[in-house]
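Engineer: Let me begin by handing over the structure; questions about it come next.
Coordinate-derived values only; no laboratory data. Given the structure is predicted, the values throughout are model-derived calculations rather than measurements. Counting neighbours? That spans all protein chains shown, and the Cβs are built from the backbone with ideal geometry, glycine included.
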Amino acid sequence: MDTTPDPRRWWGLAAIGLAQLMVVLDMTIVNIALPTAQADLGISDADRQWVITAYTLAFGGLLLLGGRLGDVFGRKNTMIIGLSGFALASAFGGFSQSLTMLLVARALQGVFAALLAPAALSMLNITFTEPKERARALGVYGAIAGGGAAIGLILGGALTQYVDWRWTLMVNVPIAVVAVIGTALFLHDRRTPGIRTRLDIPGAVLASSGLLAIVFALSEAEQHGWSSGLVLGMLGLGAILMVAFVLVERRTPHALLPLHLLRERNRVGALLAVGLTQIGMFGVFLFLTYYLQGVQGYSPLRTGVAFLPMVLGMMTGAVGISARLLPRVGPRRLMVPGTLLGAGALAFLTQIEVGSSYWLHVLPGLVVLGLGMGMTFMPSMATVTGGVRGTDAGVVSATLNTTQQVGGSVGIALLNTIAATATANWIVDTGASAPAEMAQAAVHGFTTAMWVSVGAVLLASLAAGLLVTMRPAAGGDAHVASEAAEREAAIASSGEAISGGDLAAAPAFADGEPHPGGSRG
């Protein structure tokens, strides 16, 4: 077998980078356009969160299955299908004439992103097999993905302000076309021995349906009340479906989520920390977007620029702090301070009022929040993926990203309901009707919901403090851990860590217990 590296592999990396850019772009670009889209399509405050949730829920709910489909049908074919489908869904969304059309488009984007994301990172791992080259490629990939969040903020604001909010969706079409051409010309697939290729369709259906039922219940609570039959019934249905998912996974030899991976306390603690902190991240992003545009009168472009300090803070926390300190202090001593910084920043942001200054009352909170989240995500990712066997590497990374998306989906549905309820109650209690009073009611709803975010991030800190017990790498493992931590940080800086294939070497820790996932493979 010819093992000579393809001289065009770096062109292939460009195609992979474009694919990941497109996925990350959609995490931020539509948020900035949401207030304009809501006004254009007549979307209610209670329903607006579905524009974000439809994407994250479909993405997170199907990500594990998407990685498996790449193993079955080939990563290159899956990547091309994902790119093409994502482009078509984006074009459909750009022509939306109603909330229903937009939600269908966003859900389809999530479905194809679940195919695309693991296939793209898998293609990187099988294209760059030499450790130093792979580390360099992961660094480029992480930089592109990390910059994607910032690009989404600026591009989303510029397109909404100077062209039309619909182009925040349709901009994916030319990106996808270039990426498909690059994938077809410069990437080559090869099978990875030992990867299970049977599909767990029942598990995928149960997990996705259960999560959808729970998110739907949380969304409808504002309109029907927490004690209504619809809300309680959907919550009960969601719980039953999730229990059924666990039972199916216990009995299925080709489980979508092998439950033995969740028997290790460090991994569970890190996953809980990631999922809970997403509530704070998604909530502050949604509410501050509406606060800056609807209350402070910011343009969409100015709103996008206003969020950039949070992105810079996150990258500083992940790459500048965590990547350097992780091998020496271990994950817990980064995750606990990081989550406490995040909770403090969110508490600071609850103090905003209608006439608050961005420079005094918003910017400091965004910077500290980004810093804390960067310090939390990077060691969490290293802890979740550390020490897993080669055949489990893809599903563990997909589980991590699923936790991020599902945590965000559940959080944003819950927080939007809390905010809308608090706003409505304020209006009823005060008899508000004037524009200034309505703005005050909206801010009251935002800050009420943000206190729930504070509680969620504090719970994340508690989970990290009690469950994550890994100690720093010792002696000869420290250099390996340092290099691996830097590679993890490159991906962590984007808020993504997804794979359908083998990961680069994970950080080595000493904990006096078996490594997560069992023996190294």
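Engineer: For segment 119-277, I need the span (max minus min coordinate) of the C-alpha atoms along each principal axis, in Å, sorted largest to smallest.
Structural biologist: 53, 51, 29
Engineer: Right, another one. Taking 0.36 nm per residue of sequence separation and subtracting the Cα-Cα distance, how much length would be gained by fully extending the chain between Ala434 and Ala239, in nm to one decimal? Provide the component values of the computation, followed by the final result.
Structural biologist: Numbers: separation 195, 0.36 × 195 = 70.20 nm, distance 4.26 nm.
Going from the current span to full extension adds 65.9 nm.
Engineer: Relative contact order of segment 167-302, please, whole-number percent, based on alpha carbon pairs below 8 angstrom and at least 6 residues apart.
Structural biologist: Details: 71 pairs, mean separation 27.0, N = 136.
Averaging sequence separation for qualifying contacts and normalising by length gives 20 percent for segment 167-302.
Engineer: I would also like to ask the following. With just the Cα atoms defining each centre, how far is segment 290-333 from segment 424-467? Give it in Å.
Structural biologist: One Cα centre to the other: 21 Å.
Engineer: Another question, if that's okay. Taking the beta-carbon count within 10 Å as an exposure proxy, list Trp165, Trp10 from fewest neighbours to most. List each step's numbers first, then the result.
Structural biologist: On the way: Trp165 24, Trp10 16.
The most exposed by this proxy come first: Trp10, Trp165.
Engineer: Please list 3J(HN,Hα) in residue order for segment 120-127, calculated via the Karplus relation 6.51 cos²θ - 1.76 cosθ + 1.60 where θ = phi - 60°; whole Hz, with x for glycine and proline.
Structural biologist: Each residue's phi maps through the Karplus curve to give 5, 5, 5, 5, 4, 5, 8, 7 Hz.
Engineer: For segment 368-384, just list the computed ³J(HN,Hα) in residue order, Karplus coefficients 6.51, -1.76 and 1.60, θ = phi - 60°, integers in Hz, with x standing in for Gly and Pro.
Structural biologist: 5, 4, x, 4, x, 5, x, 5, 8, 5, 4, x, 5, 4, 5, 6, 5
Engineer: Could you work out the relative contact order of the chain, using alpha carbon pairs under 8 angstrom and six or more residues apart, expressed as a whole percent? Walk me through the numbers on the way to the answer.
Structural biologist: Working: 1038 pairs, mean separation 120.9, N = 521.
Relative contact order, the chain: 23 percent.
Engineer: How far apart, in nanometres, would the label points at Val72 and Ile181 be if each is projected 7 angstrom from Cα along the Cα-to-Cβ direction?
Structural biologist: Using points 7 Å along Cα→Cβ, the separation is 3.3 nm.
Engineer: Next up: Considering the Cα trace of segment 256-325, what is its radius of gyration and what is Dmax, both in angstroms?
Structural biologist: For segment 256-325, the Cα-based Rg and Dmax read 17.2, 51 Å.
Engineer: Report the label-to-label distance for Phe95 and Ser227 in nanometres (one decimal), using points 7 Å from each Cα along the Cα→Cβ vector.
Structural biologist: Placing both labels 7 Å along Cα→Cβ, they lie 4.8 nm apart.
Engineer: If you plug each phi of segment 344-350 into the Karplus form 6.51 cos²θ - 1.76 cosθ + 1.60 with θ = phi - 60°, what whole-Hz ³J(HN,Hα) values come out, in order, with x for Gly and Pro?
Structural biologist: Ordered by residue, 3J(HN,Hα) equals x, 5, 5, 4, 4, 6, 5 Hz.
Engineer: What number, rounded to the nearest 500 deg cm²/dmol, is the helix-based mean residue ellipticity at 222 nm of the chain, given -39500 (n - 2.57) per DSSP H run of at least four residues and division by all its residues? The partial results should precede the final answer.
Structural biologist: On the way: 17 runs with 381 residues, N = 521.
The per-residue figure over the chain is -25500 deg cm²/dmol.
Engineer: Another question, then. Relative contact order of segment 200-253, please, whole-number percent, based on alpha carbon pairs below 8 angstrom and at least 6 residues apart.
Structural biologist: On the way: 47 pairs, mean separation 25.9, N = 54.
About 48 percent, as a whole number.
Engineer: If you don't mind, there's one more thing I want to ask. Kirkwood hydrodynamic radius (Cα pairs, Å) of segment 1-105?
Structural biologist: Values: mean 1/r = 0.0629 Å⁻¹.
Evaluated on segment 1-105, it is 15.9 Å.
Engineer: Net charge within 14 Å of Leu292 by Cβ-Cβ distance, Lys/Arg positive one each and Asp/Glu negative one each, not counting Leu292 itself?
Structural biologist: On the way: positive: Arg302; negative: Glu353.
After counting each charged neighbour, the total is 0.
Engineer: Which far-off residues, 5 or more places away or on another chain, put their amide H under 5 Å from the one on Arg471, with H placed in the peptide plane?
Structural biologist: Ala510, Asp511
Engineer: While we're looking at this one, here's another question. Work out the length of the dipole vector of the chain about its Cα centre, built from +1 on the beta-carbon of each Lys and Arg and -1 on the beta-carbon of each Asp and Glu, and round it to the nearest 20 debye.
Structural biologist: Numbers: 29 positive and 28 negative charges, 253 e Å.
It works out to roughly 1220 debye.
Engineer: Expressed as a whole percent, how much of the Cα-Cα distance distribution for segment 200-253 exceeds 15 Å?
Structural biologist: Numbers: 655 of 1431 pairs.
In whole percent, the long-distance tail amounts to 46.
Engineer: Sticking with this structure for a sec: Report, in cubic angstrom per residue, the convex hull volume of the C-alpha atoms of segment 303-342. Can you show the working numbers first?
Structural biologist: Numbers: hull volume 2.1 nm³, N = 40.
For segment 303-342, the hull spanned by Cα atoms encloses 53 Å³ per residue.
Engineer: For each of Thr385, Thr36, Thr277, count neighbouring Cβ atoms within 10 Å of the residue's Cβ, then give the residues from fewest to most.
Structural biologist: On the way: Thr385 28, Thr36 17, Thr277 33.
So the ranking, lowest neighbour count to highest, is Thr36, Thr385, Thr277.
Engineer: Further, regarding this structure: Can you work out D for the chain in µm² s⁻¹ from Stokes-Einstein, where Rh is the Kirkwood radius over C-alpha pairs, the temperature is 25 °C and the viscosity is 0.890 mPa s?
Structural biologist: On the way: Rh = 22.9 Å.
Here the translational diffusion coefficient equals 107 µm²/s.
Engineer: May I ask for the distance between the Cα centers of segment 9-59 and segment 243-266, given as a whole number of Å?
Structural biologist: The two parts, judged by their Cα centres, are 30 Å apart.
Engineer: Could you list Phe92, Phe285, Phe446 in order of exposure, starting from the residue whose Cβ has the fewest other Cβ atoms within 10 Å? Let's see the in-between values first.
Structural biologist: Numbers: Phe92 18, Phe285 21, Phe446 25.
Ascending number of Cβ neighbours within 10 Å: Phe92, Phe285, Phe446.
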